[in-house]
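The values are calculated or read from the model by the stated rules, or taken from the named source; none is laboratory data. The shown structure was predicted, so the numbers you read here are calculated from the model rather than taken from an experiment. Note that we place each Cβ from the backbone using ideal geometry, even for glycine, and neighbour counts take in every protein chain shown. In case anyone asks, the SASA skips ligands and DNA or RNA and just uses the protein heavy atoms, side chains included. Shrake-Rupley method; radii C 1.70, N 1.55, O 1.52, S 1.80 Å.
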Amino acid sequence: YRERSVNKVIEDIKYLKQKYGATNFFFTDSEISPQRLKELSTAIIKSKLKIYFACYTRPTKNLNLNILKIVYKAGGRFFQLGIESFSDRMLKFVNKGTSAQSVQEVLKNMHKLKIKNLVYMLACIPSQTRKELLRDFKTASLMQKRYHVFSLIYCLYNMGKYQKLYEELRDRKFMIKSKT
């Protein structure tokens, strides 16, 4: 994985804006870190580009209100967030690097700034109890109402071969069948 330099991204935006009149962009990086988002947003502001953009990011404690203010000033208006769960136990299991508290704080701050978001959640995470899943549904509904989450999508947990659980099962000689 390599990130394109911020200067190259700015050049690309200028080119697309000049050639096609583009003003709305979606950065399809699989997940932009808060630091990278801050650097990119600062460069957009310094370049005086009048654009709007969306991207994928992770709701970590580092995605704080100060960074989100810079992002908003640069034109950040829509985020796709892989929240997965509101349970700290499940977040630790899927190795998200987030917490229920950081997720709620990011949603609250985005709401303050009127940044829309689409939230991805996971259902049927291995070892997730029915009670935990129902609590996630209830909390997700509450967060959607409280912070005006634009859209909430639930997906079934799907184990990938680069995930910690897959590696542990393989190392313990479990048979893993692939499905298409």
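Report yes if some residue within the stretch 117-133 is open to solvent by 50 Å² or more (accessible area, probe 1.4 Å), out of contact with any Phe, Trp or Tyr (no Cβ under 7 Å at 6 or more places or on another chain) and assigned to a helix (DSSP H, G or I); otherwise report no. Walk me through how you get there before you give the answer.
Taking the stretch 117-133 as the starting set, the residues that turn out to be open to solvent by 50 Å² or more (accessible area, probe 1.4 Å) are 120, 124, 127, 129-131.
With the extra rule that they be out of contact with any Phe, Trp or Tyr (no Cβ under 7 Å at 6 or more places or on another chain), the set shrinks to 120, 129-131.
Checking the rest, the ones that are also assigned to a helix (DSSP H, G or I) come to 130-131.
Yes, that holds for at least one residue.
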- Task: Would you confirm whether any residue within the stretch 65-88 is touching a residue at least 60 places away in the same chain (Cβ under 8 Å) and either in contact with a Phe, Trp or Tyr (Cβ under 6 Å, 6 or more places away or on another chain) or within 19 Å of Q144 (Cβ to Cβ) (or both)?
- Result: yes
- Query: For the stretch 154-178, what are the residues that are within 16 Å of S85 (Cα to Cα) and either touching a Leu at 6+ places or on another chain (Cβ under 7 Å) or assigned to a helix (DSSP H, G or I) (or both)?
  - Reply: C155, Y157, M159
- Any hit, the stretch 166-174, residues being acidic (D, E), closer than 29 Å to Q35 by Cβ and modelled with pLDDT of 95 or more: no
- Of the residues in the stretch 136-161 that are closer than 15 Å to K108 by Cα and open to solvent by 60 Å² or more (accessible area, probe 1.4 Å), the one that is nearest to the chain's Cα centre (by Cα) is F150
